[in-house]
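Peer 1: Here's a structure for you.
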Amino acid sequence: MPFVEIERLVKRFGEEVAVAGIDLNIEKGEFVTLLGPSGCGKTTTLRCIAGLERPDAGEIRIEGEVLASADKDIYLSPEDRNLGMVFQSYAVWPHMTVFNNVAFGLKIRGVGAGETKEKTDKALKLVGLAEVTDRYATKLSGGQRQRVALARAIVYGPRVVLFDEPLSNLDAKLREQMRIEIVRLQREVGITTIYVTHDQAEALVMSDRIVIMDKGVIQQIGDPETIYARPANAFVANFIGTANLMEGKFLGREGELADMEISAGEGRPPIRLKVPGTEGVAEGQRVILSLRPEDVSLHLESPAAPGPNLLEGEIIDTIYQGNFLDCQVRVGPHEVGVQMDHFEQLASGQKVYLTFEPDHGLLLTE
Ligand code: ADP
Ligand code: MG
């Protein structure tokens with residue numbers, strides 16, 4: 001039995017369907033991230049789990065215990081769910097010391113002084129605040145405050161910790177540092193974690209599995225590598241990393257590979273391409289070719305041995321990105337992004353040649 005079970009979860013606000021029937025199972029100790037654009041229903045899903053929103057339909061269980069069920073008319077209050085929460089707005093109490101900020105949750109649960117001290121010290125040690133337990137929260141840095149919030153969420157041993165964009169108010173450098181800290185802590189404590197973010201880089205580096213949402217619906221569930229390499233549809237391909245999406249026509253399979261064609265612009269014959277032979281696609285069917293910018297090679301001269309995939313185009317623009325160069329290339333009606341790790345002098349309008357390995361193309365049907 002999965003540790004956390006979410007079944008056909010629906011939450012509406014008036015006419016608006018914020019969560020449109022979500023199914024999700026999470027194993028004990030897993031770090032699962034809900035990822036998607038603003039307004040896709042991440043926070044609402046998390047708030048339903050926390051007991052801050054009452055679902056309109058569906059059921060939520062942890063360790064088999066029903067926390068919320070529309071059908072059975074069960075709705076446990078947040079205090080009865082034993083979950084830890086770290087929300088973006090989660091402020092630490094400025095008039096209390098670090099120790100008291102963390103101990104507070106235990107005190108209100110009626111835990112005795114000895115046990116409170118022991119558990120609080122342990123949590124503060126875990127988050128690296130053992131040296132500043134007597135400091136007032138106002139004297140802490142942003143990162144230290146974040147750690148207080150973390151310690152507070154785990155101190156009473158919750159079954160699951162819920163995070164809602166906890167790092168979005170921090171500057172870029174601290175945010176990257178805190179990502180690593182949170183994952184380290186999660187591994188150390190082994191606590192089941194549900195993490196919400198709209199930041200794909202954050203999701204990719206932190207998660208065991210990522211749940212991609214759009215418009216209240218799950219688009220794909222998978223580990224970071226799978227989500228990146230095998231996006232289930234055009235939405236995921238575009239949302240995770242950047243993908244060149246080119247509409248074309250499927251021509252047919254030929255063993256491991258398939259043929260497709262994309263338009264080269266009016267008055268020109270279509271460009272034929274070799275791509276992986278996706279199952280279940282019919283001859284003549286409209287498909288979308290997804291191609292990562294880092295998987296496209298750019299040549300200044302027509303390559304002597306281009307392989308099966310050769311696109312002729314012209315430079316639209318180049319953007320220097322520090323450790324690589326982003327080029328936009330016009331190929332007929334398409335705009336193809338190419339990421340280059342070497343630097344060429346490229347002028348807009350310059351003619352270039354693009355090649356890619358058949359294996360690097362991905363065919364999508366929606
Ligand atoms: P996310 O966290 O992914 O940005 P939310 O779960 O906050 O998305 O919101 C999902 C949708 O539900 C949005 O369209 C939002 O406007 C709507 N919504 C969320 N909370 C409320 C609320 N309390 N009242 C009305 N609409 C809400
Ligand atoms: Mg949100």
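Peer 1: Of the numbered conditions (1) away from ligand 2 (no atom under 16 Å from the Cβ); (2) more than 17 Å from the chain's Cα centre (by Cα); (3) assigned to a strand (DSSP E or B), residue 1 satisfies every one except a single condition; which is it?
Peer 2: Answer for residue 1: the failing condition is (3).
Peer 1: If a residue must be within 16 Å of ligand 1 (Cβ to nearest atom) and touching a residue at least 60 places away in the same chain (Cβ under 8 Å), how many such residues does the range 136-180 contain?
Peer 2: Counting residues in the range 136-180 that are within 16 Å of ligand 1 (Cβ to nearest atom) and touching a residue at least 60 places away in the same chain (Cβ under 8 Å) gives 7.
Peer 1: From the residues in the range 190-238 that are touching an Asp or Glu at 6+ places or on another chain (Cβ under 8 Å) and under 16 Å from residue 363 (Cα atoms), which one is nearest to ligand 2 (Cβ to nearest atom)?
Peer 2: Applying the filter and picking the extreme gives 235.
Peer 1: Another question, if that's okay. I need the full set of residues from the range 322-347 which are loosely packed, with under 12 Cβ neighbours inside 10 Å and either modelled with pLDDT of 95 or more or acidic (Asp, Glu) (or both), in order please.
Peer 2: Scanning the range 322-347 gives a single hit, 341.
Peer 1: Ok, one more. Could you identify the single residue in 319, 221 that is within 30 Å of residue 21 (Cα to Cα), of a type in the set (A, V, I, L, M, F, W, C) and surrounded by fewer than 20 Cβ atoms within 10 Å (Cβ to Cβ)?
Peer 2: 221
Peer 1: Checking the structure you have, find out if any residue of the range 46-57 is in contact with a Gly (Cβ under 7 Å, 6 or more places away or on another chain) and closer than 28 Å to residue 199 by Cβ.
Peer 2: Taking every residue of the range 46-57 in turn, none turns out to be in contact with a Gly (Cβ under 7 Å, 6 or more places away or on another chain) and closer than 28 Å to residue 199 by Cβ.
Peer 1: Being under 15 Å from residue 288 (Cβ atoms), of a type in the set (Gly, Ala, Ser) and surrounded by 17 or more Cβ atoms within 10 Å (Cβ to Cβ), is that true of even one residue in the range 235-244?
Peer 2: yes
Peer 1: Taking the range 252-278 on its own, how many of its residues are within 18 Å of residue 357 (Cβ to Cβ), part of a loop (DSSP other than H, G, I, E, B) and touching a strand residue (DSSP E or B) at 6+ places or on another chain (Cβ under 9 Å)?
Peer 2: 3
Peer 1: Can you give me the number of residues within the range 197-234 that are in a helix (DSSP H, G or I), within 14 Å of ligand 1 (Cβ to nearest atom) and either in contact with a Cys (Cβ under 6 Å, 6 or more places away or on another chain) or hydrophobic (A, V, I, L, M, F, W, C) (or both)?
Peer 2: 1
Peer 1: Could you grab me the full set of residues in the range 287-316 that are without any contact (Cβ under 8 Å) to a residue 40 or more places away in the chain and either out of contact with any Cys (no Cβ under 7 Å at 6 or more places or on another chain) or surrounded by fewer than 14 Cβ atoms within 10 Å (Cβ to Cβ) (or both)?
Peer 2: Passing the criteria: 304, 305, 314, 316.
Per-residue answers, yes or no, for (1) in a strand (DSSP E or B); (2) closer than 19 Å to residue 365 by Cα:
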{"position": "250", "(1), (2)": "yes, yes"}
{"position": "280", "(1), (2)": "no, yes"}
{"position": "294", "(1), (2)": "no, no"}
{"position": "302", "(1), (2)": "no, no"}
{"position": "313", "(1), (2)": "yes, no"}
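The values are calculated or read from the model by the stated rules, or taken from the named source; none is laboratory data. Predicted model only: the values in this text are computed from it and were never measured. Because the Cβ atoms are built from the backbone with ideal geometry, glycine has one as well, and the counts that use them run over all protein chains shown.
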